[in-house]
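Quick note: the coordinates plus some simple rules give every number you see, no bench work behind them. If you're wondering where the values come from, they're calculated on a predicted model, not measured in any experiment. Heads up, the Cβs are rebuilt from the backbone with ideal geometry, glycines too, and the neighbour counts pull from every protein chain shown.
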Amino acid sequence: MNYKNFLLLCGIFIHSITGLYAQKPVSGKVSEKSPEGRLIPLPFANIHWLGTQEGTVANESGRFELKRSSSGENRLVVSYVGYINDTISVRQNQNSVDIVLQPGSELGQVEVKERMAGSFISTLKPIKTEVITTAGLQKLACCNLSESFENNATVDVGYSDAVTGARQIQMLGLAGIYSQLMVENIPFTRGLGSAFGLTYIPGTWMESIQISKGTSSVVNGYESTTGQINAELRKPWNSEKFFLNLYASHEGRLEANAHASKVLKDDVLSTLVLAHASTHLGRIDMNKDGFLDQPLSRQFNISNRWSYEKHGVTESKFGFNFLIDERESGQLTKLSSSDAINNGNYVVNIKTRRAQLYDKTGFVFNSIPNTSLGLIFSGLYHEQESVFGRNEYNARQLGFYGNAIFQSQIGNENHIYNAGVSFMYDDYRESFADTTFDRIESVPGVFAQYTYSPGEKLNIIAGIRMDHHNKFGTFVTPRFHFKVNLFENTVLRGSAGKGYRSASVLAENSGMLVSARQLVFVEDFKMEEAWNLGVNLTQTIALSEKRNLVLSADYYRTDFQNQLIIDLDQGYDRILIYNLNGKSYSNSFQINADMGVFEGFDITAAYRLNDVRVTTAGELRERPLVSRHKGLFTMSYATRFEKWKFDFTSQYNGRARLPLGVPHLEHAGYGEYSPGYFTIHSQITRKFKKWDAYLGVENLTNFMQHHPVLQPESPFETGFDAGMIWGPLMGRLFYAGIRYSIK
């Protein structure tokens, strides 16, 4: 794809916007009243015009904005899980409403509630966005972010190697480094955090996860190519006063999560403290290769979040995170690295210290409609000391991220624009064996984005940004999105745009470090650059008053102009690292069906096909270790009042091409491809008044990749490799836990 195709796609939809006009929208805030009389925002409440499909969802502060109904209806219906629905009449000249919902009424032992869906595709956002709710996160234990996608067809999660426990994701058949991972719109796992960053966000800390495919808004930067994952954490103003989660597995994993919130001053200032502690004590070697299947680990993680809000004037969210993560793995004999060398044992030790400060502040200019200024700042310190056999890998990253976003309208609220400046700075100090990779990356940028929304049926976003990298020079990032309601329940979306990224080779490819292969850096790295084009069609079919069938189909293509190639095909004794010379692309097709069969019983079925190819040694081949086919089937059933909940997830992962010319793969009985396999996960939850108890099993079929460590008996000789991972490393796992909360 090139600029001509991009401009052509823009032009197809721009011509349809002339002459459309809409009245001023209705804006407002949805809250509840605390026993002390304070108004507490209700985030993500649902608002729609009575008798229509025209609606929206409130943001994290309970605020919303909704176009007036095209049918002339003037009554708003507001709903929130666990609260009584309210209907509000809105006068023709009224542009603002404040809504206070009442908790669900109780009649004896009967409590009126609405069941929250585990996940849904937003029909309102112009960019296709799948939202995993709190209910969805609790369908599996979800001890951290890396374990939150087991019942999701869009995101794949696997191990990067068979020793360190590092997890990696894939989206559209490409590694997670091409997707932008953010926490409340602040970049999270850039640089050194790539290897283990998915395990740094505990599952109980998250309120929801938003997954969008394709390029994201230019407001969030230039790095998103295949998609964006944004985790929304629990909020100080509406979290439980106290929450505790305890988890244990039969293989020796123990975990505790706790958080407490407090509203401090007149509903203006609130705070939330989140704490996490976990350890893995089990010395497990289920495949009998002499290596631990999972590292012995210890992690301590704490976060303090603050919120200051002066209604209609300013809002500020600020806080800090601090983490200590330690891992020890390798051969079963527990020795220090020096003893490991003397006795021929292979040991991996990794110690990580990470601290982050952040602030998000917004100012509202009431004199001009739809006008505001947002400021986002984040500072990061990340340090890792590690030993991989006989090699040391030590790294440190000092990072800063800043983004200033101004929003206003042109003429009326149909025409909204965003403009701003951003700055990213990273100071890396890396060394592996006898080689250093020190560098400083400084990237100032400017951006502008225009949104056209003449009504609920059409939404167009066109954006462009320009950034200057101190090493790679100036580059331009254009992006375009549209949403069209073809019919009342039929939504068509499309996107096109470019993405760039600067690679942190060792941190992003930790599987290379647990290998006896020689790392060969053929040439200086260039900036990675790719176009992404995608289209999605979503159809909602009403089966009854409360049950819907939602069908979704999408296709995305990613074309690389340049890519950093990790070449595993040109010799089992070395890994070549160089810039792309030829073609590299990904075609991804996916279909989903979500249906409420009857009250309390929901099912999801999905299928995905990935065709991912890359040029290595002058030949276009399937990218190694990428599954071509994936199938997903989930069932969820909840009894009346959700006293019992039953969740079932089954996945099929198709075969993946294995790297060429590796004799130890052939000795292990592999051919050109790995086998396909099924996994099954299940969980039962019993809810009580203030606490839940859950019991579950992962990988019920007990399928494991055989020989995940090649040549384990000689880890310091050519042929040893623990990075050829295509399947599960752990067998059947049983776990149990409790959740306790005080509202």
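Please give me, ordered by residue number, the chymotrypsin sites (Phe, Trp or Tyr not before Pro) of the range 536-598 that lie in loop per DSSP and have at most 16 other Cβ atoms within 10 Å.
Nothing satisfies the criteria.
The range 490-560 to the range 623-648: how many Å between their Cα centroids?
Each part's Cα centre sits 22 Å from the other's.
Using only Cα atoms, what Kirkwood radius does the range 425-483 have, in angstroms?
About 14.5 Å for the range 425-483.
Given a cut-off of under 8 Å on Cα pairs at least six residues apart, what relative contact order in percent is computed for the range 542-596?
49
Relative contact order, percent, of the range 119-742 when contacts are C-alpha pairs under 8 Å separated by at least 6 residues?
12 percent.
So what are the three principal axis dimensions of the range 151-218 from its Cα atoms, in whole Å, longest to shortest?
Taking max minus min along each principal axis of the Cα atoms, the range 151-218 gives 36, 28, 27 Å.
Rounded, prolate or oblate: which one fits the range 122-281, using the alpha carbon gyration tensor with axes a ≥ b ≥ c (rounded when a/c is under 1.5, else prolate when a/b beats b/c, else oblate)?
On the way: a/c = 1.82, a/b = 1.12, b/c = 1.62.
Judged from the Cα gyration tensor, the range 122-281 comes out oblate (a/c at least 1.5, b/c at or above a/b).
Scan the range 500-604 for GluC sites (Glu not before Pro) in coil per DSSP, keeping those whose Cβ has at most 10 other Cβ atoms within 10 Å, and list them by number. Let's see the in-between values first.
On the way: sites: GLU508, GLU523, GLU528, GLU529, GLU545, GLU599; in loops: GLU523, GLU545, GLU599.
Taking the range 500-604 and a limit of 10 other Cβ atoms within 10 Å, the loop GluC sites (Glu not before Pro) found are GLU523, GLU545.
Give the shape of the range 201-318 as rounded, prolate or oblate, defined through the alpha-carbon gyration tensor: a ≥ b ≥ c are the square roots of its eigenvalues, a/c under 1.5 means rounded, and otherwise the shape is prolate if a/b is larger than b/c and oblate if not.
oblate
Let me know the whole percent of all Cα-Cα pairs from the range 646-731 that are separated by more than 15 Å.
The answer is 67 percent, as a whole percent.
Please list, in chain and number order, the residues 5+ apart from GLU54 or on another chain whose amide H is under 5 Å from its amide H, with Hs placed from the backbone.
Here TRP49 satisfy the definition.
When only alpha-carbon atoms count, how far does the range 250-386 stretch along each of its three principal axes, as whole angstroms with the largest first?
Largest to smallest, the principal-axis extents are 74, 27, 23 Å.
Rounding to the nearest 10 and keeping the result within 0 to 90°, find how far the Cα-based axis of helix 3-14 lies from the longest principal axis of the chain.
In the chain, helix 3-14 runs at an angle near 20 degrees to the longest axis.
Taking R0 as 45 Å, what FRET efficiency do you get between TYR637 and HIS415 from their Cβ-Cβ distance, rounded to the nearest 0.05?
It comes out at approximately 0.45.
Could you work out [θ]222 nm for the chain from helices alone, using -39500 (n - 2.57) per DSSP H run of at least four and dividing by all its residues? Round to the nearest 500 deg cm²/dmol.
On the way: 5 runs with 32 residues, N = 743.
Computed ellipticity for the chain at 222 nm equals -1000 deg cm²/dmol.
What trypsin sites (Lys or Arg not before Pro) does the range 287-332 have in DSSP loop regions with at most 15 other beta carbons within 10 Å?
Details: sites: LYS288, ARG298, ARG305, LYS310, LYS317, ARG327; in loops: LYS288.
Those that pass, being in a loop and sparsely packed, are LYS288.
Can you list the HN-Hα couplings for the range 661-672, worked out from phi with the Karplus curve (6.51, -1.76, 1.60; θ = phi - 60°), rounded to whole Hz and with x for Gly and Pro?
Result, ordered by residue: x, 10, x, 6, 5, 5, 5, 7, x, 8, x, 6 Hz.
What is the gain in length, in nm to one decimal, between ARG613 and SER27 on full extension, counting 0.36 nm per residue of separation less the C-alpha to C-alpha distance?
Working: separation 586, 0.36 × 586 = 210.96 nm, distance 4.77 nm.
206.2 nm is the gain from fully extending ARG613 to SER27.
Please say if the range 179-224 is rounded, prolate or oblate, where rounded means a/c under 1.5 for a ≥ b ≥ c the square roots of the C-alpha gyration tensor eigenvalues, and otherwise the choice is prolate for a/b larger than b/c and oblate otherwise?
Judged from the Cα gyration tensor, the range 179-224 comes out oblate (a/c at least 1.5, b/c at or above a/b).
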